[in-house]
Amino acid sequence: MTTVDQAKAMARRLRAALAARDIAVPHATALELVAAELGHSDWNTACAALDHAADDGPAFLEAVPVLRIFDEAKAREFYCGFLGFAPGFEHRFEPGLPLYMEVARAGLRLHLSEHHGDSSPGSTVFVPMRGLRIYHRELMDKRYSYARPGIEQAPWGETLEVTDPFGNRLRFCQYRDAESERRSVTV
């Protein structure tokens with residue numbers, strides 16, 4: 001989620017970009033424009049809704065799991081074809097060497113690596129989400145030959161677990177209540 005400091009930086013960049021085109025915009029106007037772009041009615045509403053990062057300590061912005069893969073075609077079939085992720089960047093040190101790539105969907109980014117030592121096959125990634133039943137229906141409608149995951153009840157909510165062709169597990173979870181979801185994000 002965007003922080004107040006990030007939104008202020010966006011407003012500064014917007015003002016600078018407009019100034020480069022000889023368009024003068026007051027800082028307050030730039031803040032209002034950024035708030036609207038972030039989906040808020042005004043800057044005050046945005047400030048109340050955005051994260052307030054502590055200035056005096058570390059702040060973890062995002063975790064991006066790295067999962068070991070052994071076959072590019074199978075990885076693309078599973079992550080892009082079945083799970084519906086979009087490929088992002090791809091990197092090889094030179095042709096014929098192992099692939100390192102990103103896939104992403106709805107705010108979740110995963111890095112997939114053929115490099116020995118980047119990760120161990122058989123890892124589990126826990127993914128809190130909304131819309132688990134909709135996602136389950138989407139997966140089932142694809143009639144993927146190698147996975148027909150079900151929804152399981154856990155004490156904390158509903159889970160849907162899929163295993164990729166390399167033994168890595170993605171455990172999607174929709175928490176039972178909003179309080180549980182809030183605690184998981186702020187811990």
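The values are calculated or read from the model by the stated rules, or taken from the named source; none is laboratory data. Note that the structure is a prediction, hence the values are computed from the model and not measured. Using ideal geometry, Cβ is built from the backbone for each residue, glycine included, and neighbour counts are taken over all protein chains shown. Ligands, DNA and RNA are stripped out before the accessible areas are found, and what is left, the full protein with its side chains, is counted by its heavy atoms. Shrake-Rupley method; radii C 1.70, N 1.55, O 1.52, S 1.80 Å.
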Legend entry - Accessible area in square angstrom per residue, the range 15-81, 1.4 angstrom probe: 65 Å²
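Count charges around TYR146 for me, please; just the other residues with Cβ under 12 Å from its Cβ, Lys/Arg as +1, Asp/Glu as -1.
Around TYR146, the surrounding residues sum to +2.
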Inset, instruction - Work out the charge dipole of the chain with +1 on the Cβ of Lys and Arg and -1 on the Cβ of Asp and Glu about the Cα centre, then indicate which of TYR144, LEU83, ALA16 is farthest towards its positive end. - result: TYR144
Inset, instruction - Pairs of Cα atoms under 8 Å, at least six residues apart: use those to get the relative contact order of the chain, whole percent. - result: 16 percent
Legend entry - Accessible heavy-atom area order of MET129, MET101, highest first, probe of 1.4 Å: MET129, MET101
Inset, instruction - Could you please put ASP51, ASP141, ASP22 in sequence from largest to smallest accessible area, using a 1.4 Å probe? - result: ASP22, ASP141, ASP51
Legend entry - Accessible-area order (highest first, 1.4 angstrom probe) of the listed residues ILE134, ILE69, ILE23: ILE134, ILE23, ILE69
Inset, instruction - Give the label of the value calculated from the structure for log10 I(q)/I(0) by the Debye sum over Cα atoms at q = 0.11 Å⁻¹, choosing from (i) -0.69; (ii) -0.41; (iii) -0.52. - result: (i)
Inset, instruction - Taking chymotrypsin sites (Phe, Trp or Tyr not before Pro) as candidate sites, keep only those in a DSSP loop with at most 14 other Cβ atoms within 10 Å, then name the longest stretch of the chain containing none of them. - result: 1-59
Legend entry - Under Karplus coefficients 6.51, -1.76 and 1.60, residue-wise ³J(HN,Hα) of the range 127-138 in Hz, glycine/proline x: 10, x, 7, 10, x, 4, 5, 5, 5, 4, 4, 4
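Can you send over the carbon and sulfur percentage of the accessible area for the chain, probe radius 1.4 Å, protein chains only?
After summing per-atom areas, the C and S share lands at 54 percent.
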Inset, instruction - Could you pull the accessible area for ARG133 with a 1.4 Å probe, rounded to 10 Å²? - result: 140 Å²
